[in-house]
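Single-structure report; data block below.
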Amino acid sequence: MNDQANPPAVKKLFIKTYGCQMNVYDSQRMAEAMGAEGYVLTEDQAEADMVLLNTCHIREKAAEKLYSDLGRLKPLKAEKPDLKIGVAGCVAQAEGAEIVRRMPLVDLVVGPQTYHRLPAMARGEAPAILTEFPAEDKFDHLPQNRATRRAPAAFLTVQEGCDKFCAFCVVPYTRGAEVSRPVDRILREARDLVDRGVREITLLGQNVNGWHGAGSGGEWGFGRLIRALADIEGLDRIRYTTSHPNDMADDLIAAHRDIPQLMPYLHLPVQSGSDRILKAMNRKHTAAQYLRLIDRIREARPDIMLTSDFIVGFPGETDADHADTLRLVAEVGFGTAFSFKYSPRPGTPAYDRPEVDSDLADQRLQELQALLTKQQKAAQEGMVGRTLGVLFEKPGRKDGQMIGKSDYLHSVFVDAPQAQVGDLVSVRIVESAANSLRGELKS
């Protein structure tokens, strides 16, 4: 029989990604690993030969959302018995075999540190449940040649895990201890991305500014890594997330001053403005220390836009603690921020602590968000009349319209009929909308 006349059927992979940017990166790498097995991505779950749910445990009721999604897959599994269903990510790490016990339709459960073994699991050559923290580096076992990229911006994981053990956070238990990738592997992956058309890279880590990887001459700090990345020709923009205040070292602050490719945008979670609550959270810094750090960063880069995370209603929070948070927000002036009502995570130190009344926590959250929204509006309106760099990422809905990200990570809509995805252009901002800006090409 002529094999060319009957080529093997293409296997299709559907991935649903929950949560953070690191999960987006991990989903891309899992797709590449399965691509080496002959799978191609599909956006149609119904035509998939394999469905992967890459989960996140940060948000409330993460496990319940997973089980709901798995329940919706039951008819598809009944229709296609050979369909492989896998659960990856942090909920997979936390729940393990419980997922298969509750949902027998699941074929594979793989934690975030073992997804390099996904192809072997799919072939039946590795256990169906892998949630250990292996001594081997998963990045050593992933395909070297990453898929061709059309997007001009990409994520690159440089650090995983966390040793901070904040009382509310599951990351040390689902992602493990802090691990920093070596310099040469990061630079090799960055160069590969640039060769494929990427002009902006966001460095990722659960505690990314705590990165301290092996490089020439010994261990490097994060600021030195950014300087090395800035030397890559064609890499026009560098960002990083998420950071911890205690790891904003002098060399990193200096990089914000010295490196034009390092964008004037910094996400630096503080979580609370109350020293008492910060101590209960095990954050290991005070509000005053955070404010002094902000002063140093702004001295190095006066135009930097700051964003943050806040948890409202943490166990034991009083009206006075909440007022401290509002004062800190008013003093810093954030460009935007993420704020959430505290929700307990099983296995974390704060899990069994008495919770703040839900209605009171809701009221405090609304008050905080009103202040943050006012600051966001002011920051965006302050962009009007300025000329900013904008990297076009996709066409807009209107003919001739392009959408891109500004230096400050704002979405910017521009009428630019001749522009292409990947163009980095100067744009004069003419209008501020609710969550975006409108600009005109600077002639």
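The values are calculated or read from the model by the stated rules, or taken from the named source; none is laboratory data. A quick note: this is a predicted structure, and the numbers were derived from the prediction, not measured. Don't worry about glycine lacking a Cβ; one is built from the backbone with ideal geometry, like all the others, and counts go over all protein chains shown. Just the protein is used for accessible areas: all its heavy atoms, side chains included, with ligands, DNA and RNA removed. Shrake-Rupley method; radii C 1.70, N 1.55, O 1.52, S 1.80 Å.
With all protein chains in place and a 1.4 Å probe, the accessible surface of the range 342-382 carries 49 percent carbon and sulfur. Only Lys, Arg, Asp and Glu carry charge here, each on its Cβ (+1 for the first two, -1 for the last two); on that basis the range 290-416 has a dipole of about 580 debye about its Cα centre.
Note on the chain: with a GNM built from Cα contacts shorter than 10 Å, the maximum mean-square fluctuation among S358, S339, S272 falls on S358.
Computed on the chain, with alpha-carbon pairs under 8 angstrom and 6+ residues apart, the relative contact order is 9 percent.
If only the Cβ of Lys and Arg carry +1 and only the Cβ of Asp and Glu carry -1, the dipole of the chain around its Cα centre is close to 400 debye. For the chain, a Gaussian network of Cα nodes joined below 10 Å ranks A361, A419, A190 by mean-square fluctuation, and the top entry is A419. Here the range 185-238 is assigned +1 on the Cβ of each Lys and Arg and -1 on the Cβ of each Asp and Glu. Its dipole about the Cα centre then comes out at about 60 debye. Amide H to amide H distances under 5 Å link T42 with L13, F14, I15, where only residues 5 or more positions off or on other chains count and H is placed in the peptide plane. Quick check: from the Cα gyration tensor, does the range 266-305 come out rounded (a/c under 1.5), prolate or oblate? Cα axes put the range 266-305 in the prolate bin.
For G400, neighbours were defined as the other residues whose beta-carbon sits under 13 Å from its Cβ, and their charges (Lys and Arg +1, Asp and Glu -1) total -1.
For the range 368-441, the solvent-accessible area of protein heavy atoms averages 53 Å² per residue (probe radius 1.4 Å; ligands and nucleic acids excluded). What residue among E189, E381, E79 shows peak mean-square fluctuation when the chain is described by a Gaussian network model with Cα springs under 10 Å? Comparing E189, E381, E79 in the GNM, the peak value goes to E79.
When S426, S180, S27 are compared by accessible area of protein heavy atoms, the largest-first order is S426, S180, S27, using a 1.4 Å probe. Shape of the range 348-443 from the C-alpha gyration tensor: prolate (a/c of 1.5 or more and a/b above b/c, with a ≥ b ≥ c the square roots of its eigenvalues). Projecting the Cα atoms of Y18, N209, T348 onto the dipole axis of the chain, where Lys and Arg carry +1 and Asp and Glu carry -1 at the beta carbon, places Y18 farthest toward the positive end.
Each residue was assigned an accessible area with a 1.4 Å probe, and for K74 the value is about 110 Å².
Cysteine residues of the chain whose C-beta has no other cysteine C-beta under 4.7 angstrom: C20, C56, C90, C162. Of the residues R101, R292, R196, R181, the one with the largest accessible area comes first in the ranking R101, R292, R196, R181, computed with a 1.4 Å probe on protein heavy atoms. The lysines whose alpha-carbon is closer than 21 Å to the alpha-carbon of K84, local same-chain residues fewer than 8 away aside, are K11, K12, K16, K65, K74. Per-residue SASA remark: H322, around 10 Å² accessible (1.4 Å probe; ligands, DNA and RNA not included).
For the range 274-425, what's the relative contact order in percent, using C-alpha pairs closer than 8 Å and at least 6 residues apart? Relative contact order comes out at 18 percent. Considering the options P104, A300, Q401, tell which one lies farthest towards the positive end of the dipole of the chain, charges being +1 on Lys and Arg and -1 on Asp and Glu at the Cβ, about the Cα centre. Selected residue: Q401. Count Lys and Arg as plus one, Asp and Glu as minus one, and take only other residues whose Cβ is under 13 Å from that of R301; the net charge is then -2. In the context of the full set of protein chains, the range 181-222 has a per residue accessible area of 36 Å² (1.4 Å probe). Can you give the net charge of the other residues whose Cβ lies under 14 Å from the Cβ of K74, counting K and R as +1 and D and E as -1? Here the count lands on +1.
Only protein heavy atoms count here; under a 1.4 Å probe, S243 has an accessible surface of about 10 Å².
What the phi angles of the range 42-48 give under the Karplus curve with 6.51, -1.76 and 1.60, with θ = phi - 60°, is a coupling list of 10, 9, 9, 4, 5, 9, 6 Hz, glycine and proline written as x.
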